[in-house]
Amino acid sequence: MGPTAADRTGPRRVVVTGLGMLTPLGNDWRSTWEGLVAGRSGIGPVTSFDASGYECPLAGELRDFDEAAVVDSKQLRRLDRSTVLAIAAAREAVADAGLDVPALDPESVGIVLGTGIGGAHLIVENQQVLDERGPRRVSPFLITHMLPDTPTGLLAIELGVRGPNLAVTAACATGGAAVGEAAEVVSRGEATAVIAGGFEASLKPVYYAGFQAMRALATHPDPTRASRPFDAKRNGFILSEGACCLVLEEAEHARARGAHIYAEWLGAGTASDGVDMVAPPEDGRGIRTAMARALRRAGSGPADIDYVNAHGTGTPINDRVETRALRTVFGADADRLLVSSTKSMLGHMMGAAGAVEAAVAALVCERQIVPPTINYEHPDPECDLDYVPNAAREATIRRALSTSVGLGGHNSALIFGRWDPQGEGAER
């Protein structure tokens, strides 16, 4: 057993040693990354229900994902799909990290996962059962399996860990907030390693109807061109499902066991708009504050950041406000930033989105290639940054920022740095 977090004092350095993803571009992180770099869209017609009566019959669905390969048939009958996705992503991340969980002190391994909606589908389904068949036919597993913390509880049982265990909910900023809090747990010495991320499976008719009523969903005759962040003709986002987990580990422990290190986590920030449940303030004060806090936590200035994985949903107001916020925070450095929205290819995975984008930021630091913003065809004068249009770009990336903005005015920002294999840490 290598050194544990408890063996040292002071803030610990935190690194990313494992990744797991389920996205519309693939059922593992490697196929997702390859699709992003290739500029491939994962958006298509809705197949999980009859969406012909909806204005946006499009989705970012998982393809060829077998839930029965993740959990047995008995357990599958009890679980919401979102929980199954979370379990699958967590298992991939742990395996990718080569983390020997049984060999570790069970109290030194934690789990911090988040969801925007989570197991609410079970409530919808059991309400229908209640209405049609009466109270005695409601599932006895409803309460324990509809909760946002169901995956963290089940994974703790499966892995036999007893470290910090949290469920985070911050709407569309959930994944970023969960990763940031997990990294802080490791940094302050409460755990040696934490499995962190987000999950969501919100492709249900009631959610489509709700988002349609909000006028939030994109409409376009070509599914692969419907998600168009920062483009002047953008008109909404595409709803998607997915999950992503990262293994965040104390740096010295990771090095001692010879783990592969993707990137170093350097800082996180969160903030609230405190203005409206839906529309961000035009000055972007919430996301500005979150970014500024992440920069301070990372000991970074605007000149240190080379890439931003933007929230970039494709709604007219979000992209405009986020651009304005980046210009305010980065000043003269904004014009040299590379900024891209992977939602152009993945759609919006809600609670999972920020975790996927955190993982992408870490991979950009390692691979030194920036995924594009596809479907960028018509420049918008109010969105005037370098959005890496339509084709991936090789670049020198020392530090990357990932931003997330959520309904209710939630904002999250994360900073990752390129890891120096010689042991000097994130490159300055």
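Structure notes:
- Which listed residue is outside any helix (DSSP H, G or I) and small (Gly, Ala, Ser), from Ala400, Ala334, Ala325: Ala400
- Considering residues of the range 297-318 that are surrounded by fewer than 20 Cβ atoms within 10 Å (Cβ to Cβ) and over 22 Å from the mean Cα position of the chain (by Cα) only, the residue nearest to Arg188 (Cα to Cα): Gly299
- Phe230 fulfils the conditions (1) at negative phi; (2) open to solvent by less than 20 Å² (accessible area, probe 1.4 Å); (3) not small (Gly, Ala, Ser) except for a single criterion, (1).
- Helices (runs of 4 or more DSSP H) fully within the range 61-145 that include at least 3 residues being open to solvent by 70 Å² or more (accessible area, probe 1.4 Å) and either out of contact with any Phe, Trp or Tyr (no Cβ under 6 Å at 6 or more places or on another chain) or at pLDDT 95 or above (or both): 120-133.
- Among the residues of the range 45-60, those identified as in contact (Cβ under 8 Å) with a residue 12 or more places away in the chain and open to solvent by 90 Å² or more (accessible area, probe 1.4 Å) are Thr47, Glu55.
- Looking only at the range 238-286, residues that are crowded, with 17+ Cβ neighbours inside 10 Å and in a strand (DSSP E or B) come to 20 in all.
- Number of residues in the range 398-417 that are surrounded by fewer than 24 Cβ atoms within 10 Å (Cβ to Cβ) and within 19 Å of Arg13 (Cβ to Cβ): the value is 1.
- When residues in the range 154-203 are screened for being buried (at least 24 other Cβ atoms within 10 Å of the Cβ), hydroxyl-bearing (Ser, Thr, Tyr) and at pLDDT 95 or above, 2 of them pass.
The values are calculated or read from the model by the stated rules, or taken from the named source; none is laboratory data. Remember, predicted model here, so these are calculated numbers, not experimental data. Ideal geometry is used to build each Cβ from the backbone, glycine not excepted, and the neighbour counts take in all protein chains shown. With ligands, DNA and RNA removed, areas are computed over all heavy atoms of the protein, side chains included. Shrake-Rupley method; radii C 1.70, N 1.55, O 1.52, S 1.80 Å.
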